[in-house]
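Report on one structure; see the data block that follows.
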Amino acid sequence: MDASVVARLLEQTARAVYEARGPKAIHAGQWAVLRYLARAGRQARTVGGVATYLGVTHAPASRAVASLARKDLVTVKADAEDRRIRRIDLTAAGKALLDHDPVHRLTAAIEALSADKQKDFATTLEMLYGRLAKA
């Protein structure tokens, strides 16, 4: 199979994970923020922490957090000890939404592969990511 065909298939597969579309949908970057906040410690739950995790500047991270706050999935409050720092926390709705994370569908599809195929797939993705991250 031609490499460009495989590349397009990989791109389509990544898009298929996030089947919901439209202005009210949670987009891939917002899902990544929700996942990050669910795992991050208190000190890391800031716009700066989100930006670092996503590998973006402060502005797009701030927009993603603001969008999630408008959807009542996160709260943003000034830190009690340092008012310059804004702490971000998941709301109960944000935590509940993670039960429906589209990545669960991808996880299930990968788990359906044999152990050998899973290992080969992981190795291939690690190599691809390594090459793309260097560029």
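Here are the numbers:
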read-out	value
Of residues in the stretch 62-89 being in contact with a Ser or Thr (Cβ under 8 Å, 6 or more places away or on another chain) and under 17 Å from G41 (Cβ atoms), the one modelled with the lowest pLDDT	I85
Residue match in the stretch 42-58 (condition: within 17 Å of the chain's Cα centre (by Cα), exposed (fewer than 12 other Cβ atoms within 10 Å of the Cβ), of a type in the set (S, T, Y) and not in a helix (DSSP H, G or I))	yes
Filter pass, A69 being out of contact with any strand residue (DSSP E or B) (no Cβ under 7 Å at 6 or more places or on another chain) and surrounded by 11 or more Cβ atoms within 10 Å (Cβ to Cβ)	no
Within the stretch 7-41, considering residues that are modelled with pLDDT of 95 or more, of a type in the set (A, V, I, L, M, F, W, C) and not in a loop (DSSP other than H, G, I, E, B), the one nearest to D101 (Cα to Cα)	W31
Where A92 falls short, out of the listed (1) modelled with pLDDT of 95 or more; (2) in contact with a helix residue (DSSP H, G or I) (Cβ under 7 Å, 6 or more places away or on another chain)	(2)
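The values are calculated or read from the model by the stated rules, or taken from the named source; none is laboratory data. Remember, it's a predicted structure, so these values are computed and weren't measured experimentally. Positions of Cβ are generated from backbone atoms using ideal geometry, with glycine treated the same way; all protein chains shown enter the neighbour counts.
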